[in-house]
Amino acid sequence: MKKISLFYFWIAWICPLILVGQTDTLLSIPEIKVTTTKIRNHPIGTLSKTWNASNTATLLASNVAELLNNESSIFIKNYGAGSLSTSSIRGGSAGHTLVLWNGLPIQSPMLGVLDLSLLPMNSSEEIILQKGGNTALWGSGAIGGVIALNNLPDFNNNTFTSSSIQIGSFGNTAQRFKIGLGNEQVQFVTKVSHQEAKNDFDYFVASNLPRRTQTNARFSQQNILQDVYWKINKNNTLTSHFWQQFSTQQIPPHLAQNKSEAHQKDQSTRAILDWQQTRNALILQGKLGFFKENQNYFDDASGLKTNNRFTTFTGEINGQLFWKNKHQFFVAASHFYTQAKSDGYEGAPTENKTALLFSYRLQQYNYKIQTSIREEYVDGRLVPFVPNVGVDYQLFPWLKIQSKVSKNYRLPTLNDRFWRGAGNENLLPESGWSEELTLTTHWKNKNYTCVFSVTGFNRNIKNWILWSPKGGSFFWSPDNIAKVWSRGLEPHFAFTFFTKKINIKLDTGLDYILSTNQIAITIPRIAEGSQLYYTPEIQGFANINLEWKRFYFFYQHQFTGEVKGFNKMLPSYHVGNIRIQYFTKKTKCKTIVFAKINNIWNKDYRVIERRAMPPIHYQFGINFIFHKS
């Protein structure tokens, strides 16, 4: 009850602020785009993929985990509907994906990961996926890749609202609302969402056993986001972002259990204040961030109760200088202070991190070069500096070559360092070098475009942290005991055919990734040269989009090769999803009606062993969009 009351308190608090944004006087000020600087969002030498507000409405996703699972070839470790979802990019661990919100990391410093299913699609206007090592630009954890969520203003769209209602199988319902009010100087944007599901689907345990109904699997989440954009004058902009989130997850029994009474409650508060000044060829930016999370775990059957919470304060200043249209210089300094508390800690450990970053980009008519270096100081210790160098070269009008070499690292988490009776404060950062090469070619005429790219990558990480028993005891503790070699190929093909009446798009990719341990380990038993757990060697996708008049048809097919679980091999599987929608559009209003069928072939499969995935299920919804420029 307290959670619901606080949720609606924020709504009541924010609505008056929105109304203040309406004014009778319009000031004509040139637009300043408030976002993370391009030199970091789109680094040289690697491919990145961007989804923005204009195309997320047509996607088969309600959260970031679903988006990446449907629209990219990275592996999403999904523990089941309404449960934890993390990523593995290019054979890395979940902690090797850095998640950013408006340029600041938001994953837990205690665990080093973030549940991607808790990031709703309407929480940001732009989502960027960067594959490959980017530690020099973003810091610890960016070994496999970066997922960046950005909130962006649209001062040309002064008044707009959007709302959606969705219902689906297994008690799945969702309501989302967004409103923006303001003028060419000030804009207020508020987003509210609520989603819940029972997830009481039937699934197979074994061929010789009857189907079982999943129990204790309810999920509920509420979000409130408030963005304020203020053009102080033609050179200065002040922006604030606020995000309050509540979620409750029951944890269902796995296939070896008959019953579960476990559940978890999460509450997070995120706030960012961002100032930006633009003067001729110089951009200055300052950021302050505050992040607080509280996680409570309960198991009524065993009486177990745990509480984990942390608070992080962060600040960053950066500057970007453009010189003679060829040179870009970027300098940044940041500091992070974190305090964590847990039933598993003694006291309240803290972590202080200070980082310096320098990046330079040279742009000529047919090539670009970017080099970056970072130095961090963590709790009184210097982390060895990390460099990277990237090159884009337009060899022919139809052929582009990209290459990057980088050193990357991930710091030990607070749990690794401070867990009572097990933590190891002498752990070294996981670190190593990565290299990649991409060839991209394209053809086009008046009715079609065709793009083919292939990326080859190689990465060696030493001091990989694993938890294992020590000295013949039953207690596990972390240590730098593994060395992992990841390498692979990522071909991608996109074809678009368009006329005045119809658009057809085909998007396909098939990744081949080997990520093997190079040191034999006894417990957990890992043979030298064996593929890492839950890391498929082959994963592919094929998406088909068809637009005709006011109709939109989308089919998405995914293939995941067999993976090694902790107890047995999990077989490969195919999953298909369909979305059909129809929209009506007037001058200022747009209505979208849609239907989705997920797992249309009704496949019985497992992403994580002993965790059931839902059979064929349905979702129906309607979206209303209104805008007034």
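Residues in the range 546-593 that are of a type in the set (S, T, Y) and in a loop (DSSP other than H, G, I, E, B) were compared, and the one that is modelled with the highest pLDDT is S572. Scanning the range 319-335 for residues that are buried (at least 20 other Cβ atoms within 10 Å of the Cβ) and either of a type in the set (A, V, I, L, M, F, W, C) or more than 18 Å from Y367 (Cβ to Cβ) (or both) returns Q320, F330, A332, S334. Annotation note: of E376, E425, the sole residue that is in contact with a helix residue (DSSP H, G or I) (Cβ under 7 Å, 6 or more places away or on another chain) and farther than 23 Å from S48 by Cβ is E425.
Hey, among the residues in the range 594-615 that are part of a loop (DSSP other than H, G, I, E, B) and among the aliphatic types (A, V, I, L, M), which one's surrounded by the most Cβ atoms within 10 Å (Cβ to Cβ)? Applying the filter and picking the extreme gives A612.
Against the numbered list (1) hydrophobic (A, V, I, L, M, F, W, C); (2) within 27 Å of the chain's Cα centre (by Cα); (3) farther than 23 Å from N517 by Cα; (4) surrounded by fewer than 18 Cβ atoms within 10 Å (Cβ to Cβ), W443 comes up short only at (2).
Is there a residue in the range 477-492 that is in a strand (DSSP E or B), more than 30 Å from G421 (Cβ to Cβ) and either in contact with a Cys (Cβ under 6 Å, 6 or more places away or on another chain) or aromatic (F, W, Y) (or both)? Yes - at least one qualifying residue is present in the range 477-492. Exactly one residue out of N463, N458, N424 is farther than 28 Å from I401 by Cβ, part of a strand (DSSP E or B) and touching a strand residue (DSSP E or B) at 6+ places or on another chain (Cβ under 8 Å), and it is N463. If you take the residues in the range 218-236 that are buried (at least 21 other Cβ atoms within 10 Å of the Cβ) and either free of Cβ contacts under 8 Å to residues at least 40 places away in the same chain or among the charged types (D, E, K, R) (or both), which one is nearest to R176 (Cα to Cα)? By that ranking, first place goes to D227.
Here A422 meets the list (1) surrounded by 15 or more Cβ atoms within 10 Å (Cβ to Cβ); (2) modelled with pLDDT under 95; (3) hydrophobic (A, V, I, L, M, F, W, C); (4) over 30 Å from F475 (Cα atoms) almost entirely, failing just condition (4). Residues in the range 293-303 that are surrounded by fewer than 15 Cβ atoms within 10 Å (Cβ to Cβ) and either among the hydrophobic types (A, V, I, L, M, F, W, C) or closer than 20 Å to L100 by Cα (or both): A301 alone. Got a sec? Which of K234, K178, K265 is closer than 24 Å to Q619 by Cβ and in contact with a strand residue (DSSP E or B) (Cβ under 9 Å, 6 or more places away or on another chain)? Checking each option against the conditions leaves just K178.
Of the residues T311, T278, T306, which is surrounded by fewer than 15 Cβ atoms within 10 Å (Cβ to Cβ) and either of a type in the set (V, I, T) or touching a residue at least 60 places away in the same chain (Cβ under 8 Å) (or both)? Every option except T306 fails the conditions. Number of residues in the range 281-334 that are of a type outside the set (D, E, K, R) and on the phi > 0 side of the Ramachandran plot: the value is 2. If you go through the range 497-512 and keep only what is outside any strand (DSSP E or B) and modelled with pLDDT of 95 or more, you end up with nothing. Scanning the range 183-223 for residues that are among the polar types (S, T, N, Q) and under 23 Å from S247 (Cβ atoms) gives T190, S193, Q195, N199, Q214, T215, N216, S220, Q221, Q222, N223. Pairs are defined by a Cβ separation below 7 Å, a sequence spacing of at least 6 or placement on different chains, a first member in the range 508-521 that is touching a residue at least 60 places away in the same chain (Cβ under 8 Å) and under 23 Å from S468 (Cβ atoms), and a second member that is surrounded by 15 or more Cβ atoms within 10 Å (Cβ to Cβ) and aliphatic (A, V, I, L, M); the pairs so defined are S515/V484; S515/L532. Being among the aliphatic types (A, V, I, L, M) and over 14 Å from T516 (Cα atoms) holds for only one residue in V484, V451, and it is V451. If you go through the range 513-533 and keep only what is modelled with pLDDT of 95 or more, of a type in the set (S, T, Y) and under 22 Å from the mean Cα position of the chain (by Cα), you end up with just S515. Among the residues making up the range 478-520, a single one is surrounded by fewer than 16 Cβ atoms within 10 Å (Cβ to Cβ), among the polar types (S, T, N, Q) and out of contact with any Asp or Glu (no Cβ under 9 Å at 6 or more places or on another chain): T499. I'd like to check something: does the range 344-362 contain any residue that is buried (at least 16 other Cβ atoms within 10 Å of the Cβ), hydroxyl-bearing (S, T, Y) and more than 30 Å from I401 (Cα to Cα)? Yes, the range 344-362 contains a residue that is buried (at least 16 other Cβ atoms within 10 Å of the Cβ), hydroxyl-bearing (S, T, Y) and more than 30 Å from I401 (Cα to Cα).
When you check Y409 against the structure, is it surrounded by fewer than 17 Cβ atoms within 10 Å (Cβ to Cβ) and not in a loop (DSSP other than H, G, I, E, B), yes or no? Judged against the criteria, Y409 is not a match. Set side by side, the residues T159, T173, T190, T215 differ, and just one is among the β-branched types (V, I, T), over 17 Å from P253 (Cα atoms) and free of Cβ contacts under 8 Å to residues at least 60 places away in the same chain, which is T173.
Matching residues to (1) at positive phi; (2) part of a strand (DSSP E or B); (3) among the acidic types (D, E); (4) at pLDDT 95 or above:
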residue: L181; (1), (2), (3), (4): no, yes, no, no
residue: V189; (1), (2), (3), (4): no, yes, no, yes
residue: V192; (1), (2), (3), (4): no, yes, no, yes
residue: Q195; (1), (2), (3), (4): no, yes, no, yes
residue: N208; (1), (2), (3), (4): no, no, no, no
residue: Q222; (1), (2), (3), (4): no, yes, no, yes
residue: L225; (1), (2), (3), (4): no, yes, no, yes
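Among the residues of the range 453-469, which ones are surrounded by 15 or more Cβ atoms within 10 Å (Cβ to Cβ) and over 26 Å from the mean Cα position of the chain (by Cα)? Answer for the range 453-469, where residues must be surrounded by 15 or more Cβ atoms within 10 Å (Cβ to Cβ) and over 26 Å from the mean Cα position of the chain (by Cα): just S468.
Restricting attention to the range 227-258, the residues that are assigned to a strand (DSSP E or B) and either polar (S, T, N, Q) or under 25 Å from N156 (Cβ atoms) (or both) total 19.
The values are calculated or read from the model by the stated rules, or taken from the named source; none is laboratory data. Every value quoted in this text rests on a predicted model; they were computed, and no experiment measured them. Neighbour counts are summed over all protein chains in view; Cβ atoms, including those assigned to glycine, are modelled from backbone coordinates with ideal geometry.
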